[in-house]
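First up is the structure itself, then whatever we jot down about it.
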There are 2 protein chains.
Amino acid sequence: MPRTKEKLALDSARRMLHHRAYGRVANLLAPLHPAEVAEFLSRVPLDDRRRLVAVIPPARLPAVFAEMPAPAVADTIANLDPAQQAALLAGVTPAHVAAILRALPTEDRDAVLNAMGEGPARTMGELLAWPEGSVGAIMRPAPFALPEDLTVEQAADHLRRAGEDAPLTVYVVDGRRHLVGVLSFRQILIAAPGRRLREVMTPEPIATRPEEPQEEAAALISRYDFIALPVVDEDNRLLAVVAVDDILDMLQDRATEDLYKMAGLDAGDRVFSPVPHSVRLRLPWLLVNLATAVLAASVVRVFQGRIDQYAVLAVLMPIVAGMGGNAATQTLTVIIRGLTLGELTVREGVRAALKESTTNLALGLVLGLFAAGGAWLFFRQPALAGVLGAAMVANMFVAGLSGAAVPLALRALRIDPAMASGVVVTTFTDCCGFGVFLGLATVFSRYLV
Amino acid sequence: MPRTKEKLALDSARRMLHHRAYGRVANLLAPLHPAEVAEFLSRVPLDDRRRLVAVIPPARLPAVFAEMPAPAVADTIANLDPAQQAALLAGVTPAHVAAILRALPTEDRDAVLNAMGEGPARTMGELLAWPEGSVGAIMRPAPFALPEDLTVEQAADHLRRAGEDAPLTVYVVDGRRHLVGVLSFRQILIAAPGRRLREVMTPEPIATRPEEPQEEAAALISRYDFIALPVVDEDNRLLAVVAVDDILDMLQDRATEDLYKMAGLDAGDRVFSPVPHSVRLRLPWLLVNLATAVLAASVVRVFQGRIDQYAVLAVLMPIVAGMGGNAATQTLTVIIRGLTLGELTVREGVRAALKESTTNLALGLVLGLFAAGGAWLFFRQPALAGVLGAAMVANMFVAGLSGAAVPLALRALRIDPAMASGVVVTTFTDCCGFGVFLGLATVFSRYLV
């Protein structure tokens, strides 16, 4: 592996940074790949990062920014004036600039757009008009296209002239820039030089539209093993291209998002985010949870008299609520992931809810038996054991039903199920767990000791 | 969009399937892209899928299987005899066959290997020797390589002869098959025909090793925007290649896995898995959770006398435990995702644990204040409110500390933190929540009404 040299340089750079020797850090980073510099910069505190950006040769920065996550670039340049920001972004690809501008506050964004040249500003304006999460927001405009009546030899000449700017895939268009075919370099190299592109190209290429969701583009790229996917307008005119590496980045971000949403976390909340930042981002969701916990507590409050009589109920009730919560999380995860991956549609919802509630009912019977058996062995009270077992079965059933129904209902209402389902469903299982267990204990209280 | 025709065919196929007209379904699928057939097959019940596979022309199946998830292919062919299985897999790429064989029971796998020719069986044996999750398990062996002293013109001839089998990236090797460079078709097309490959190639290419984790390969591919990554042995000899589309599939699977593991789910447990299958897969984890719930209940049991005296404690105690669990899940998610994405290493663990416990302490102070204020307003008992607030602060701190320390410790012990952390940490926050709240209530019991 030839990477040892780079690792040593990065280690030294880290040490030098510790001593605030920014110039020396910049020297150590100079021979490295822009992607390595980008990773280094992304992981140092913002203040150090800004000082480093000030001493790295400006010509090198666009390549580095191209490899940094857009929000990190936005943070880095946020304190510069609009003209400086526009200059730094000039060498970055339009799609990435759009992502960086999206991460800036609106007024700053407009200032940078004004500081750009008229042409780039118009391109940016068009990209920024597409909503976040749409293909339009990550597409790369103005892809390399050649007219269909060119010969293979002429096409090869064009590509040679493009040199390092030549793309991986060549799109073929007719006289009115309608997308009619796609050509790989392989096809060009293999074909007889005198043939026309329309004869050697792959016709009717699969394409997407800028308003489609990015997941749709990811699915097409992954299904057909593409390295790029063309983007066309409603008249099938070639607008832009979505590259597989942008899709890779998007998928990694999206996987984090799904996990994060289920825990009520914001995507900007990372391991080494500053404490006040994390506190601010996590507090709202925890406050919502506090409210739902109070709701569950008020169910217990209804039965406070019963607990006053039989304190042992307070020992067992968290078991019923907790197991319902665990089972509900399993059902939720299966349903939400199924919706995200397109394995499940809302139309199939009744079937899914039926399957999940049957599964959890069966699980509840097994777990209820275990729990009742344990309680009987320990407390020697058949009625208490029976109430525990029955409440467990009921709550597991509710967990399966609500764990499936809530995310499906939210999806049908066009609310992101990953975001809101967890709180709603565990509130259900907490309230139902406490309610059914303490309720049954009340009904059968004359058999309790 | 030229996809309407395909959509209509798929809709008709779905209706025909409903009427069990398997032959007509196969006819409708015949003109479609193998990836579309694969997706259709993956979504129909196993029994229908097997009947369809029996009527689809065998020559077409390898291309379809290549696009289906490996476990789905394994299910589909599980009922056939080894010779049939080996014949069906003959046209599928080695890396995908390895994944399919991994999804079969061990004895079936050996039977298929025996039914294969000697050459393919040896290749398979080598791929299967690499552990799941390693680069070796998804790499494509025997990539296209050319000797470094070939001229550009000779290289182009070689590629033309390879025709449709030509790769996207050409590796350049020396006389002993050491990887010395990489060449894109673009570079070949652009270069002067008489130059040697060693003069026009990109030297010292970035490569990976078969024993590296797949995430590492994904990070390299994503960082350097590669479409393929070469795999070399310890002597830098070219072994295989990892393709970006395999990485795309892997990332999508991995995102599901992470979510699933945190909920204690098996990857084979999908929305429409049969009920007994789901029950069997979910039961073990729920039993572990039942055991930990009993542990938490036994903490409450210690203080049963106190609850006997003040039943109101049973009303409030779930709030303390529940909020700790929510906060712990947030910390866990941040830490586990950080570990997965490589943003966090075990060495930085102390700093991460410090950050998370500080964050949760701050959150605990805010939430504790809210909870105490609410309790005071409702119950008008200052001591009870104080005990609730203090227990909340303590438990949130424990949530931050254990939410960070447990996954980091598991990772240091080489146990997958996504799998086991959740159970351990919520047991901590449940026991600590009940213990501290009821313990403080005992200490200050003379102030309680």
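Every number in this text was worked out from the coordinates using simple rules, so none of it is lab data. These numbers were taken from a predicted model, which means no experiment stands behind them. So basically every Cβ, Gly included, is an ideal-geometry build from the backbone, and we count neighbours across all protein chains shown.
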Relative contact order (%) - criterion: Cα under 8 Å, at least six apart; region: region A:275-447: 35 percent
Partners for B:K355 among aspartates and glutamates (Cα-Cα distance below 13 Å; same-chain residues under 8 apart left out): A:D269
C-alpha long axis of helix B:152-162 to longest principal axis of chain B, angle in °: 80 degrees
Peptide-level mean, for B:269-277, of C-beta atoms on other protein chains within 10 Å: 6
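What shape does chain B take by its C-alpha gyration tensor, where a ≥ b ≥ c are the square roots of the eigenvalues and a/c under 1.5 counts as rounded, a/b above b/c as prolate, and the rest as oblate? Please report the intermediate quantities before stating the final value.
Working: a/c = 2.89, a/b = 1.82, b/c = 1.59.
Verdict is prolate for chain B.
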Across the identical copies, how the B:D81 labels are spaced - nm, sorted shortest first, 7 Å along Cα→Cβ: 8.4
Three-way shape label, region B:368-422, alpha-carbon gyration tensor, a/c 1.5: prolate
Using alpha-carbon coordinates, inclination of helix A:46-55 to the longest axis of chain A, degrees: 10 degrees
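Could you tell me the convex hull volume per residue, in Å³, taken over the Cα atoms of region B:141-260? Can you show the working numbers first?
Numbers: hull volume 12.4 nm³, N = 120.
Cα-based convex hull of region B:141-260, divided per residue, equals 103 Å³.
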Anchor A:K5: aspartates and glutamates whose Cα lies under 18 Å away (excluding residues fewer than 8 positions away in-chain): A:E36, A:E39, B:E204, B:E234, B:D235
Teacher prompt: A:R122 distances to equivalent labels in other copies, 7 Å Cα→Cβ, nm: 6.4
Angle between chain A longest axis and helix A:244-262 axis [Cα atoms, degrees, rounded to 10]: 20 degrees
Region B:40-102 versus region B:246-317: alpha-carbon centroid distance in Å: 34 Å
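Can you compute the helix-only [θ] at 222 nm over chain A? Use -39500 (n - 2.57) per DSSP H run of at least 4 residues, normalise by all residues, nearest 500 deg cm²/dmol.
Numbers: 22 runs with 302 residues, N = 449.
That comes out to -21500 deg cm²/dmol.
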Dipole in debye (nearest 20) - the protein assembly as shown, about Cα centre, beta carbon charges: Lys, Arg +1; Asp, Glu -1: 2240 debye
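Remind me, relative contact order of region B:195-245 in percent, using alpha carbon pairs under 8 angstrom and six or more residues apart? Spell out each step's value before the answer.
On the way: 51 pairs, mean separation 15.3, N = 51.
Computed value for region B:195-245: 30 percent relative contact order.
Using the Cβ atoms and a cut-off under 15 Å, what net charge is assigned to the surroundings of B:V387, where Lys and Arg are +1 and Asp and Glu are -1? Mind dumping the intermediate values first?
On the way: positive: B:R306, B:R380, B:R446; negative: none.
Charge balance near B:V387 sits at +3.
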Label spacing, shortest first and in nm, from B:F272 to its equivalents in the remaining copies (7 angstrom along Cα→Cβ): 4.7
Residue mean of other protein chain beta carbons inside 10 Å, B:361-369: 3
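Treat the count of other C-beta atoms within 10 Å as a stand-in for reagent exposure and order A:M116, B:M323 from fewest to most.
Working: A:M116 22, B:M323 26.
The fewest-first ordering by Cβ neighbours comes to A:M116, B:M323.
Please average, across the residues of B:433-439, the number of beta carbons from any other chain that are within 10 Å of each residue's own beta carbon, and give a whole number. Provide the component values of the computation, followed by the final result.
Numbers: counts 1, 3, 0, 0, 0, 1, 0.
Other-chain Cβ atoms within 10 Å of each residue's Cβ, averaged: 1.
With an 8 Å cut-off on Cα pairs and a minimum separation of 6 or more residues, tell me the relative contact order of region B:4-138 in percent.
Details: 125 pairs, mean separation 24.5, N = 135.
About 18 percent, as a whole number.
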Lysines with Cα under 18 Å of A:K261, excluding same-chain neighbours fewer than 8 positions away: B:K261
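In terms of the Cα gyration tensor, with a ≥ b ≥ c the square roots of its eigenvalues, is the protein assembly as shown rounded because a/c is under 1.5, prolate because a/b exceeds b/c, or oblate? Walk me through the numbers on the way to the answer.
Numbers: a/c = 2.10, a/b = 1.53, b/c = 1.38.
Prolate.
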